[in-house]
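I have placed the structure first, in the form of structure tokens, so that the comments after it can refer back to it.
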Amino acid sequence: MSADRPPISVLFTAFEPSGDDHASSVIAALRHAHPDIAVYAWGGPKMERAGATLVERTGEDAVMGLPGIQKIREHGRINDRVEAWIAAHRPTVHVPVDSPAANFPICKVAKSLGCKVVHLVAPQIWAWGRWRIHKLRRRTDLVLCLLPFEEAFFQKRRVPARFVGHPLFDRPLDEADLDRRAGAFGGGSPRLALMPGSRPAEIAKSFPLLLAAYRELKAEFPGTTGVVAATTPAVAARLDEEARAAGGWPEGLRVAAGDADAVIRWCDLALVKSGTVTLQIARQRRPMVAFYKSNPVLYHAVARWIVATKFFTLPNVLALREIVPEFVPHFGDHRPIVEAARSLIADPSRAQTQREELKRITELFADRNAAEAAADAIAHVARGTLTSPATSRAR
């Protein structure tokens, strides 16, 4: 870099554990391929280990949905500190990672101070709140999309966008190692994976439904065994508390922390709180039933008026039809989930059909490396050499 040009720097801001995951692989690729670019972050431990200079730790108490007044005030204070740092350091590029409600105010300040803004993980404007497209257009130079249809959606609305792929598919699965780890969970038939999410509010809503569904399926299919996939040991401890409060762990059900891929490998069927994990399950072509327990008052008063998609579970969104039974939003008890699970257990042809559909969905992400493509796009924006918003495949 010539002496008369200021050094190039990039600031990532992530406020949830999922953002720490997404950003860390991109930061590692950016530091490897573009070592002259300085990387700073408001983020989590994975981003720091990937090579970012962590300005402040975030994401340890993330919330979903409408946050309380205390959380709103906390984000306001964080935003003030981020904005002061941007004003003092003037990074070349600001990379907001997901969490549009938290990141959009920061993007506004970054743009006003002359920074480029590259969104990592496209805001789900296609799903709800489409009026936000105008705000996004003003506050971005490029949106990096993880889902293939998003690029055309945003470009049609005059927002520069590029499909880079999804980080879940960046590394091939080590099937021999997965088989070894899955073997530790034992036998049984059917084998159920229960996936209640990671946030406290998600667990409080979804885990009781999953426990009730497991108990009913166990009574109907006595050979049933199950593993609850906890994201961390702390989440596993929280699930243990919830299970004990609900009468104890049912026979044949256990919890495993931090090994979701092995749990998915082991199972015959997953019962899952709808989210990105449905793509993780689809990757291994395991049949699933998805749900999201919602507040009926809040949904009918607010959410139903701003939702703009027929499907919510990602495999169904990508397929443009229901290939996975989904109950989103779900206001009832466990019985619809059990009925859908029963049909997949009792009729193997239904499960096989879903596996074939999931295979077609995952092929949309073949031959891409999301982290490398995202890192290169960020570097090109930082250097002012981005030539086209068209899709680029990783080398």
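The values are calculated or read from the model by the stated rules, or taken from the named source; none is laboratory data. Not measured: the values here are computed from a predicted model. Quick reminder, even Gly has a Cβ in these numbers, built from the backbone with ideal geometry, and neighbours come from all protein chains shown.
Total residues in the stretch 306-349 satisfying the condition of being of a type in the set (Ser, Thr, Tyr) and closer than 19 Å to Ser294 by Cα: the figure is 2. Val117 falls short on exactly one of the conditions (1) under 23 Å from Arg157 (Cα atoms); (2) modelled with pLDDT under 95, and that condition is (2). Of all residues in the stretch 221-251, exactly one satisfies the criterion of being in contact (Cβ under 8 Å) with a residue 40 or more places away in the chain and over 28 Å from the mean Cα position of the chain (by Cα), namely Phe221. Among the residues that make up the stretch 48-61, is at least one of them at pLDDT 95 or above, buried (at least 16 other Cβ atoms within 10 Å of the Cβ), out of contact with any Cys (no Cβ under 8 Å at 6 or more places or on another chain) and charged (D, E, K, R)? The answer is yes, given that some residue of the stretch 48-61 is at pLDDT 95 or above, buried (at least 16 other Cβ atoms within 10 Å of the Cβ), out of contact with any Cys (no Cβ under 8 Å at 6 or more places or on another chain) and charged (D, E, K, R). Any residue at all in the stretch 11-21 that's modelled with pLDDT under 95, assigned to a helix (DSSP H, G or I) and among the hydroxyl-bearing types (Ser, Thr, Tyr)? Yes, that holds for at least one residue.
Of the listed requirements (1) at pLDDT 95 or above; (2) touching a Ser or Thr at 6+ places or on another chain (Cβ under 7 Å), Lys293 misses just one: (1).
Given the stretch 181-275, what helices (runs of 4 or more DSSP H) lie entirely inside it while holding 2 or more residues that are within 23 Å of Pro287 (Cα to Cα), modelled with pLDDT of 95 or more and in the same structural domain as Ile337 (by TED's automatic domain parsing)?
It comes to 200-220, 260-266.
Here is a yes/no grid of residues against (1) at pLDDT 90 or above; (2) over 18 Å from Thr276 (Cβ atoms); (3) surrounded by fewer than 20 Cβ atoms within 10 Å (Cβ to Cβ):
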{"position": "Leu298", "(1), (2), (3)": "no, yes, yes"}
{"position": "Val302", "(1), (2), (3)": "no, yes, yes"}
{"position": "Asn316", "(1), (2), (3)": "yes, no, no"}
{"position": "Leu344", "(1), (2), (3)": "yes, yes, no"}
{"position": "Leu364", "(1), (2), (3)": "yes, no, yes"}
{"position": "Ala377", "(1), (2), (3)": "yes, yes, no"}
{"position": "Ala394", "(1), (2), (3)": "no, yes, yes"}
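The residue that is surrounded by the fewest Cβ atoms within 10 Å (Cβ to Cβ), counting only those in the stretch 322-332 that are modelled with pLDDT of 95 or more and assigned to a loop (DSSP other than H, G, I, E, B), is Glu322.
Selection of strands (runs of 3 or more DSSP E) fully inside the stretch 65-159 by the criterion of at least 2 residues being within 21 Å of Leu318 (Cβ to Cβ) returns 116-120, 142-145. Going through (1) part of a loop (DSSP other than H, G, I, E, B); (2) over 20 Å from Ala282 (Cα atoms); (3) without any contact (Cβ under 8 Å) to a residue 40 or more places away in the chain one by one, Arg171 falls short only on (2). Applying the criterion of being over 21 Å from the mean Cα position of the chain (by Cα) and not charged (D, E, K, R) to the residues of the stretch 252-266, the residue that is surrounded by the fewest Cβ atoms within 10 Å (Cβ to Cβ) is Gly252. Residues that are under 30 Å from Ala375 (Cβ atoms) and surrounded by 18 or more Cβ atoms within 10 Å (Cβ to Cβ) occur in the stretch 213-231; there is at least one.
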